[in-house]
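K.L.:
Shown below is the structure under consideration.
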Amino acid sequence: MNQERTHRWRQLLSFHRVGDKQDRAPLDTPDERTEFDKDYDRIVFSSAFRSLHDKTQVFPLSTSDYTRTRLTHSIEASCVGRSLGQLAGRGLLAQDVEVDPSRLGTIVAAACLAHDIGNPPFGHSGEAAIQHWVERNFPRFEPVEKPDSKHPFATEGEWKDLANFEGNAQGFRILNRLQSRNRDGGLRYTVATVGAMSKYPRPSVLPGLRAKDKARISEKKFGFFQDDAQLAREVYRKLGLVEREPYVFSRHPLAFLVEAADDICYAIIDLEDSGKLGLIPMETVCTLMEEVAAMQSNFKPLKDKVDWESRLGRARAGAVFALIQECVTAFSEHVGAMEAGRFEQALVSARPETSRKLEAITGITREKGYWSERVLQIEAAGFRTLGGLLELFAPAVLADRPNREEKKLRQLLPLEFFQRPGPYQEDRDQAIERLNPYQRLLCVTDYVSGMTDGFAVELYQRLSGIKLPD
C-alpha cells in the first residue's frame with residue numbers, strides 16, 4: 001500500500017461537516033448509510049433541488065414534455081458521475097492507494113446532483129441579466145468614501161461578485177448558507193462533497209490585481225462570493241487543497257470527475273434533445289453519437305430496419321459508456337498531478353480523439369439548438385424578466401428610508417432571505433438593517449436566482465401590471 005497517497009486521500013475524503021466546530025466520528029445509522037449517502041439524501045430532499053424541475057437546461061419553457069430541465073440533467077449527470085467515481089476508485093486501488101470505490105462513486109454522484117443548484121432562471125441568460133443590471137446601475141467600482149454614499153460595494157471583490165454573477169458561487173452559497181440557514185454550514189455537507197462540486201475554488205478577484213490564468217481551468221470562473229470566502233477557505237484547507245495564493249486553491253481531484261459527468265451529459269443529451277425537437281436531423285444525431293461510441297471496439301450500432309428511438313437509445317448508451325471509459329483512463333493517468341494541484345485540464349479534453357469528437361457535437365448543437373429562434377426569443381424575454389425584478393426589489397432593500405412603494409415591495413420578499421444564523425428576527429426592516437448594502441443585494445439575488453422560470457415570469461408580469469393576480 002502506498003502510505004503517503006493513502007493518507008492524502010483520507011484527507012481528501014474527509015467526512016467532516018461544514019460548519020461543525022469539531023471533528024466527529026461518523027454516526028451509525030440503522031440502514032448503514034455512510035456520511036456521503038447522507039449528503040446525497042440531503043440534496044434530494046432540499047427545496048433548492050426541487051426547484052430545478054422548472055429551470056432551463058437548454059430549451060427554456062419548452063412545450064415538449066420530452067426535453068430536459070436542470071433537474072433531469074442533474075439526475076442524469078449524477079448517474080454518470082457515480083460510474084466515474086467507482087471506476088476511478090478501482091483505478092486508485094490498482095495504484096496501491098487504499099480507497100473505497102463505492103464511496104468515491106457516492107461523493108461524485110452527490111456533487112453532480114448539486115452542481116447546477118445555483119443557476120438562476122433561464123440558465124446563462126439569467127446570469128447575464130444579473131450582470132447587466134449591476135453594470136448598468138454601478139458601471140465601475142467606486143469605494144464607499146462617505147457614510148451617505150449610495151454605492152453598495154465597499155471593495156472591488158464585492159462589486160465583481162455581482163457584476164460577474166456566477167451560478168457556481170451561488171451553488172456554494174445555497175448549500176452552505178441558504179438551505180437550513182438557521183445554523184452555521186447550512187445543509188452541512190461533508191467537506192469532501194463540497195470540494196468535489198467546487199470546480200472553481202477561488203474568489204471573484206484574484207490577489208495582486210492579476211488577471212486569471214487562462215491555462216488554469218480552475219480559474220476560468222469563480223466559485224464563492226466575498227460573503228462566503230472565510231467559510232470556503234475553511235472547507236478547502238480542511239481538505240488540504242493547495243492554497244496557491246490567499247483564498248485561491250487547486251481543485252479537488254474528484255471535481256474533475258464531476259466536471260466530466262457534466263460535460264458528457266451536456267454534449268450527448270443536449271444533442272439528443274435538439275434532435276427530438278427537430279432542430280437537427282435525427283440521422284445526424286445518431287451518426288455523431290455512433291462515432292463517439294465507436295471508440296469502444298465492441299460497439300455495434302443499430303441501423304437496419306429499426307425505429308429512430310431504438311437506434312438513438314443504442315447510440316446514446318454507447319457514447320456515454322465510451323466517454324466514461326475515456327475519462328476514467330485520463331483520470332488514472334493524471335491523478336498524481338491532481339493530488340499535487342498541478343493538473344489543469346478537463347478530462348474530456350485530455351485525450352485528443354475524445355476532444356475532437358465532442359467538439360464536433362457541441363459545434364452543431366450550438367449552431368442549430370442553442371441559437372435557434374425560439375430559444376433566443378425566450379432567453380431575451382428572460383433577460384428582461386430578471387432585470388426587471390432586480391429593478392423593483394434592489395432599490396427597495398437598499399433604501400434607508402423606503403417610500404410607500406418600496407415598503408410594499410419589501411413585504412413581498414420572504415423574511416427568511418434576510419436571516420442569519422442566530423436569534424430569529426421577526427421584524428423585516430430590522431433584519432434588513434442588520435446587513436450592509438452588499439449583503440442586502442446578495443439577498444435579492446438569492447431570491448431572484450432561486451426562482452423557477454415560470455414563477456419569475458409570472459411574478460414580473462404581476463408586479464409590472466401586465467397581469468393581475470387571480
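The values are calculated or read from the model by the stated rules, or taken from the named source; none is laboratory data. All values reported here derive from a predicted model rather than from experimental measurement. Positions of Cβ are generated from backbone atoms using ideal geometry, with glycine treated the same way; all protein chains shown enter the neighbour counts.
K.L.:
Among (1) without any contact (Cβ under 8 Å) to a residue 60 or more places away in the chain; (2) assigned to a helix (DSSP H, G or I), there is one condition I174 misses while meeting the rest; what is its number?
P.N.:
(1)
K.L.:
Quick test of your reading of the structure: V242 fulfils all but one of (1) under 15 Å from the mean Cα position of the chain (by Cα); (2) within 20 Å of R10 (Cβ to Cβ). Name the failing condition by number.
P.N.:
(1)
K.L.:
In this structure, is D184 in contact (Cβ under 8 Å) with a residue 60 or more places away in the chain and surrounded by fewer than 19 Cβ atoms within 10 Å (Cβ to Cβ)?
P.N.:
yes
K.L.:
Something else now. With the structure loaded, tell me whether G208 is under 26 Å from the mean Cα position of the chain (by Cα), on the phi > 0 side of the Ramachandran plot and not charged (D, E, K, R) or whether it fails that test.
P.N.:
no
K.L.:
Continuing with this model, one more query. Out of the residues in the stretch 258-278 that are of a type in the set (G, A, S) and more than 17 Å from E367 (Cβ to Cβ), state the one that is surrounded by the fewest Cβ atoms within 10 Å (Cβ to Cβ).
P.N.:
Among those that are of a type in the set (G, A, S) and more than 17 Å from E367 (Cβ to Cβ), it is A260.
K.L.:
Based on this model, can you work out whether P281 counts as surrounded by fewer than 24 Cβ atoms within 10 Å (Cβ to Cβ) and touching a Pro at 6+ places or on another chain (Cβ under 7 Å)?
P.N.:
No: the conditions fail for P281.
K.L.:
In addition: Output the residues belonging to the stretch 208-228 that are under 18 Å from F343 (Cα atoms), of a type in the set (A, V, I, L, M, F, W, C) and not in a helix (DSSP H, G or I).
P.N.:
Within the stretch 208-228, A215, F222 qualify.
K.L.:
If you don't mind, another one. Given the structure, is A129 within 30 Å of H334 (Cβ to Cβ) and either touching a residue at least 12 places away in the same chain (Cβ under 8 Å) or not assigned by TED's automatic domain parsing to the domain that holds Q325 (or both)?
P.N.:
In short, no.
K.L.:
Can you go through V80, V108 and tell me which one is touching a Gly at 6+ places or on another chain (Cβ under 6 Å), among the β-branched types (V, I, T) and more than 19 Å from Q3 (Cα to Cα)?
P.N.:
V108 is the lone residue from the list that is touching a Gly at 6+ places or on another chain (Cβ under 6 Å), among the β-branched types (V, I, T) and more than 19 Å from Q3 (Cα to Cα).
K.L.:
Follow-up. State all residues of the stretch 289-344 that are basic (K, R), over 20 Å from D263 (Cβ atoms) and surrounded by 16 or more Cβ atoms within 10 Å (Cβ to Cβ); if no residue qualifies, say none.
P.N.:
R311, R314
K.L.:
Which members of the stretch 1-49 meet the condition of being over 29 Å from G91 (Cα atoms) and modelled with pLDDT of 90 or more?
P.N.:
Selection gives F45, S46, S47, A48, F49.
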